[in-house]
Every structure is written in C-alpha cells, then in structure tokens.
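Report on one structure; see the data block that follows.
The values are calculated or read from the model by the stated rules, or taken from the named source; none is laboratory data. Remember, it's a predicted structure, so these values are computed and weren't measured experimentally. When we count neighbours, we look across all protein chains shown, and the Cβ atoms used for this are built from the backbone with ideal geometry, even at glycine.
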Amino acid sequence: MDKRHFLLAGALGAVVSPRLAAAPSSARTGTGLLTLSGAIARSNRGPLDPALDQLLVKHGRTLDKAWDFDAAMLARLPAVTIQPTLEYDAKPHRLSGPLLASVVGAAGVAASAPVALTLRAIDGYAVAVSLADANRYRMIVATTLDGTAMSLGGLGPLWAVYDADRIADFADKPLKQRFALCPWGLYHIEVKTV
Ligand SMILES: Nc1nc2c(c(=O)[nH]1)N[C@H]1C(S)=C(S)[C@@H](COP(=O)(O)O)O[C@H]1N2
Ligand SMILES: [Mo]
C-alpha cells in the first residue's frame, strides 16, 4: 500500500468507523412506519423529540421511550391474510399483515397483558381497543391490499383491520358501521395498562 492509499484508508476509517460503532444494532434505515409507546417492555429509540417528531407533536403526544418499526421489521413478523367486505366498495378484499398482537409483542407486550391500545392515524383519528378484543377480532396491521402495498393517499401504508364478515359483533351490523375500530393510515400505537 503506498502512502496515499494508506492515508485515504485512514481518513475513511476515521470517518466511517465511529459512526458504525455509534449506530445501535436496531438502527432503522428503511422506511419508518409505526411507533409504539407507553407500557412497552422494550424500546429502540429515545423520548419524543419536540423538534423532529412533528406529527406526534401535532397530535399532542408525548413519549419517554418507544419502539419504532420500519417496513422490513413488520415484514419479518408472521403474516395473516383476511378477506373482509370493505365498506368503501362493498366488495371483499384480501388484506395481509402481522397480527396486532405480534406487533405489540415485538415491543415486549404479552398477548395476555391487561392493556388498552390507542390506535392513531395520520389524520388524527384515534380509537382505543383492548388487546383482549384485538385478539378476539384477530386484528391485523395490514401492509398489503390485494397483494399490493397501500399508499399514503389510499388506506396505507398501514391499516389496523379485522375480518368483519366473520366476527359476529360486526357481521350483524350494516357495512358502514363495521370498521370504526379500524384506522387506516395507522402510525402510532399507545399502550396503556388498564
Ligand atoms: N384514519 C382514519 N381511519 C378511520 C376513520 C377516519 O376518519 N380516519 N374513520 C373510522 C370510522 S368512524 C369508520 S365508520 C370507518 C370509515 O370511515 P371513513 O369513511 O372516514 O374511512 O373508518 C374508520 N377509520
Ligand atoms: Mo364511523
């Protein structure tokens, strides 16, 4: 190695190595999609950043720690497929994604934990559901609709949803009253001990 190469390698090392060393193993580099906060046992990021967590601030949220999912992390959880009739076009559609229980499970919340989940969407819509009910409904965090990723301009990128046709509590209701617990554009889940 001549001196120039050596110096270049040294300079690169000086710049690159400390950054790599400082990056936590859970660093998210893909598309960040979902933040879990509240009564979680595991976190992979720090408290609310009042400057940079703009949507959470706009929605009046605060958090001391959180578990952030990127798309790849959600894709690694076992996927479930449901086929509810949607109220928007009264047609059945195929929705796939991890169970809501698996999603909160990744942040260390047991499926049997006595907690309520506030599911919050990008437009500010928020609804609370107990984890027990979410399990009973086999609620999923859908990442695809009919095999295709859902856009921000549509129902995505994430939609907390269940198979209303096959759940007695909802199948008995008119289509337009079945999905009040199902925020499209889901981006934040707050876990509260009840
Ligand atoms: N992001 C978001 N999700 C939502 C809503 C909403 O306003 N925003 N409305 C809820 C309600 S009350 C119903 S009945 C259904 C259909 O409402 P929508 O026509 O506003 O989607 O979606 C639910 N999910
Ligand atoms: Mo509604």
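See the values below:
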| item | result |
| --- | --- |
| Scan of segment 172-191 for residues that are near ligand 1 (Cβ under 8 Å from one of its atoms) and of a type outside the set (A, V, I, L, M, F, W, C), ordered by number | Lys176, Gln177, Arg178, Pro183, Gly185 |
| Residue satisfying all of: in segment 60-82; within 22 Å of Val161 (Cα to Cα) and of a type outside the set (A, V, I, L, M, F, W, C); farthest from the chain's Cα centre (by Cα) among these | Thr81 |
| Criterion: modelled with pLDDT of 95 or more, basic (Lys, Arg) and either more than 17 Å from Glu190 (Cβ to Cβ) or exposed (fewer than 13 other Cβ atoms within 10 Å of the Cβ) (or both) - qualifying residue of Lys58, Lys3, Lys65 | Lys58 |
| Single match in Ile189, Ile167 (criterion: within 15 Å of the chain's Cα centre (by Cα) and either in contact (Cβ under 8 Å) with a residue 12 or more places away in the chain or within 23 Å of Ala79 (Cβ to Cβ) (or both)) | Ile189 |
| Set Tyr125, Tyr162: member being under 19 Å from Leu56 (Cβ atoms) and among the hydroxyl-bearing types (Ser, Thr, Tyr) | Tyr125 |
